[in-house]
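Report on one structure; see the data block that follows.
The values are calculated or read from the model by the stated rules, or taken from the named source; none is laboratory data. Being a predicted model, the structure only gives us computed values, none of them experimental. Every residue, glycine as well, gets a Cβ built from its backbone with ideal geometry; the counts of neighbours run over all protein chains shown. Please note that ligands, DNA and RNA were not included when accessible areas were found on the heavy atoms of the full protein model with its side chains. Shrake-Rupley method; radii C 1.70, N 1.55, O 1.52, S 1.80 Å.
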Amino acid sequence: MKAEAVRTEQASVAEDGRNAADAAPRAEVDMATRRRTKAEVATTGLMEAVVERGNLWLAYQRVVENKGAAGVDQLTVPALKDHLKQHWPTIRTRLLVGQYQPQPVRRVDIPKPQGGVRTLGIPTVVDRLIQQALHQVLQPMRQAQQYVAQGKRWVVDIDLEKFFDRVNHDLLLSKLAQKVGDGRVLKLIRRYLEAGMMADGIVSPRTEGTPQGGPLSPLLSNILLTTLDRELEGRGHAFCRYADDCNIYVASERAGARLMQSLTDFLEQRLKLKVNVSKSAVARLWQRKFLGYSMTWHQLPKLRIAAVSLQKLTLKLSTLLRGARGRSVRHTIQTLNPILRGWAAYFQLTKTKRALEERDGWLRRKLRCILWRRVAPSLDWPIGDIGGRREASAVFL
């Protein structure tokens with residue numbers, strides 16, 4: 001009876017239409033962990049599944065965890081909860097009747113490591129919440145090693161030129177409509193695709209592209225490029241793809257060159273996408289990178305961290321260490337730890353440890369330098385007093 005009372009209370013709260021962040025913690029967890037069945041989604045409609053309390057609570061948690069900058073309305077992530085308390089009933093109603101209008105995205109240009117600029121479109125926090133909720137409802141390396149071990153030691157590395165800026169809206173929505181029957185969801189996604197981009201206070205209309213920066217962008221790109229996956233599977237090719245990064249593994253350079261030309265024509269004619277000739281190549285596995293990884297040249301290849309990834313980490317750490325001058329070693333370590341943990345977690349599949357050991361030694365030397373700069377002046381050590389420095393290192397490290 002007690003459990004039934006709890007379920008009844010949760011159902012009544014959900015029917016009130018209040019926001020997902022304003023419930024008791026226990027009710028939030030219970031509803032968030034309950035997964036809707038396909039039958040329930042089909043019966044209630046896809047948009048009802050999007051605005052369901054449990055789905056929204058999971059989306060809210062993800063947005064809060066990811067933090068991120070404010071959009072054009074300057075609403076921050078910490079202020080989202082109070083904003084939803086006041087405005088969520090209205091937003092929910094507009095979503096259900098198909099009248100919700102997304103706000104323009106805020107344009108941010110960031111430099112690429114290899115040169116050029118990547119344009120991001122930062123949605124408002126509310127739109128990020130709705131996009132994440134959509135993503136959860138619509139979303140239904142080691143393999144590369146196996147291909148190489150089978151003798152496919154050449155790779156066709158395809159880079160799509162400004163892919164996220166050139167996605168054809170009509171083509172994408174036509175493919176999405178084959179799987180999604182809820183017209184309100186399709187209409188909402190089109191509005192997100194066509195939402196203007198604001199730069200210097202001026203909103204520019206968009207007729208193509210899915211700007212990076214929102215949770216929905218990677219999912220929509222995968223939906224469009226599923227056509228490429230089916231083409232490669234139909235031809236019997238061994239390949240790995242993540243978003244717009246695609247590697248196809250072949251046995252010879254000649255076969256790779258033929259495949260590169262064939263796929264270039266296919267992408268331009270069928271998907272209206274252009275291959276970046278300067279960044280695409282047919283090469284040996286160990287000469288290219290994929291998702292930050294590369295491979296060794298051995299008969300049984302090993303995953304290793306690509307040189308470009310190591311250079312990016314070193315540059316980022318150097319910048320942080322320069323800004324840490326004058327601060328305590330403890331504070332510096334607290335600043336570095338989140339970056340190092342995330343980096344180590346991402347590259348945990350690497351089988352070559354030498355690069356990690358070299359970076360570890362380099363970082364320890366940098367931290368010792370910070371310590372010596374703080375300790376030596378207070379102890380009045382001469383610059384050349386190596387013995388005193390070693391003693392300090394032993395005491396403090």
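Quick notes on this one:
- In the range 256-311, residue surrounded by the fewest Cβ atoms within 10 Å (Cβ to Cβ) [restricted to those that are small (G, A, S) and assigned to a loop (DSSP other than H, G, I, E, B)]: S278
- Any hit, the range 185-196, residues being open to solvent by 40 Å² or more (accessible area, probe 1.4 Å), out of contact with any helix residue (DSSP H, G or I) (no Cβ under 9 Å at 6 or more places or on another chain) and over 25 Å from H237 (Cα atoms): yes
- Pairs are defined by a Cβ separation below 9 Å, a sequence spacing of at least 6 or placement on different chains, a first member in the range 231-251 that is assigned to a helix (DSSP H, G or I), and a second member that is basic (K, R) and open to solvent by 60 Å² or more (accessible area, probe 1.4 Å); the pairs so defined are E231/R270.
- Cβ-Cβ contacts under 8 Å between residues 6 or more apart (or on different chains), taken from a first residue in the range 163-189 that is more than 25 Å from V51 (Cβ to Cβ) and at pLDDT 85 or above to a second residue that is crowded, with 16+ Cβ neighbours inside 10 Å and small (G, A, S), are absent.
- Y242 meets the stated requirement of being in contact with a Phe, Trp or Tyr (Cβ under 9 Å, 6 or more places away or on another chain), open to solvent by 10 Å² or more (accessible area, probe 1.4 Å) and hydroxyl-bearing (S, T, Y).
- Filter result (within 16 Å of D159 (Cα to Cα) and of a type in the set (D, E)) within the range 228-278: D229, D244, D245, D265, E268
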